[in-house]
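Contents: one structure, followed by commentary.
The values are calculated or read from the model by the stated rules, or taken from the named source; none is laboratory data. Computed from a predicted structure; not experimentally measured. So basically every Cβ, Gly included, is an ideal-geometry build from the backbone, and we count neighbours across all protein chains shown.
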Amino acid sequence: MERTESITVARYPAIDRSVVVLLLSNLLTIALAVYQHWDIFVVMWVYWGQSVIIGYFSFRRIMDLKSFSTAGFMINDQPVKPTPQTQRQTAVFFALHYGIFHLVYLSFLGADANVAGGFPLFNVLVCIGVFYLNHWFSYRYNREQEQDRVPNIGNIMFFPYIRIIPMHLMIIAGFTFLGSSTRTLIIFLLMKTVADVAMHIIEHAMARSAARRATRHLP
């Protein structure tokens, strides 16, 4: 005999504060970029930093999991069970793969952008710091709100790529084909902001949907 215990799903506030903070973080970057007439390479340094931060907190989310699903998730083409070993292997693989991806990305940025004279290093670091605070707040805020959900560990591992790659491709393509005028800068930073906020909302909506469906099967 098995008995099924439904998971109590936390109530979520009407206004997601983490979305508000994310929006403000992006608006700060837009304001500094327009005020200081940044080019695409300066902007990409900021969003490279944000991408690293997203990966860091995704790693922490994986390591924080108390219970999780492995439905559809495989390691070495083999289905796996939701065990502590699976959790550690997934976290290590993600850290290595995501880290190497961003080291290669960094090498391209370093080759194309002059970080010496004229580079607004302080303001870039301020923007990256604000994004760190944003994602730290989001991590803490949503962890407290979603303690009872049973997420899919594969979704947590792959979602950062789904979130950041279109964002960077969109900005690079836009400046390649449309130039780097102030109008183009504003348009594409606003588009990036919309995409960033939308993907954040979708990610956590998926988590809440999983929580509503989840059940624990206890012996």
Inset, instruction - Scan the stretch 152-181 for residues that are at pLDDT 80 or above and either of a type in the set (Ser, Thr, Tyr) or in a loop (DSSP other than H, G, I, E, B) (or both) and jot them down. - result: Tyr161
Inset, instruction - State yes or no: is Ile53 part of a helix (DSSP H, G or I), out of contact with any Phe, Trp or Tyr (no Cβ under 8 Å at 6 or more places or on another chain) and at pLDDT 85 or above? - result: no
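A quick yes/no check of all residues on (1) surrounded by fewer than 18 Cβ atoms within 10 Å (Cβ to Cβ); (2) part of a helix (DSSP H, G or I); (3) at pLDDT below 70; (4) touching a Gly at 6+ places or on another chain (Cβ under 7 Å):
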residue: Tyr98; (1), (2), (3), (4): no, yes, no, yes
residue: Leu109; (1), (2), (3), (4): yes, yes, no, no
residue: Asn142; (1), (2), (3), (4): no, yes, no, no
residue: Arg149; (1), (2), (3), (4): no, no, no, no
residue: Ile186; (1), (2), (3), (4): yes, yes, no, no
Inset, instruction - For residues that are free of Cβ contacts under 8 Å to residues at least 40 places away in the same chain and among the hydroxyl-bearing types (Ser, Thr, Tyr), tally how many sit in the stretch 57-92. - result: 1
Legend entry - Members of the stretch 12-50 that are assigned to a helix (DSSP H, G or I), in contact (Cβ under 8 Å) with a residue 40 or more places away in the chain and not hydrophobic (A, V, I, L, M, F, W, C): Arg17, Ser18, Ser25, Asn26, Thr29, Tyr47, Gly49, Gln50
Inset, instruction - Select from the stretch 1-11 the residues that are assigned to a loop (DSSP other than H, G, I, E, B) and surrounded by fewer than 12 Cβ atoms within 10 Å (Cβ to Cβ) and write down the one among them that is modelled with the highest pLDDT. - result: Arg11
Legend entry - Options Leu121, Leu103: the member that is of a type in the set (A, V, I, L, M), loosely packed, with under 13 Cβ neighbours inside 10 Å and closer than 24 Å to Val34 by Cα: Leu121
Inset, instruction - Kindly establish whether Val124 is more than 19 Å from Phe159 (Cα to Cα), in a helix (DSSP H, G or I), among the β-branched types (Val, Ile, Thr) and at pLDDT 85 or above. - result: yes
Legend entry - Selected residue (criterion: modelled with the highest pLDDT) from residues of the stretch 56-88 that are over 13 Å from Ile156 (Cα atoms) and buried (at least 16 other Cβ atoms within 10 Å of the Cβ): Thr86
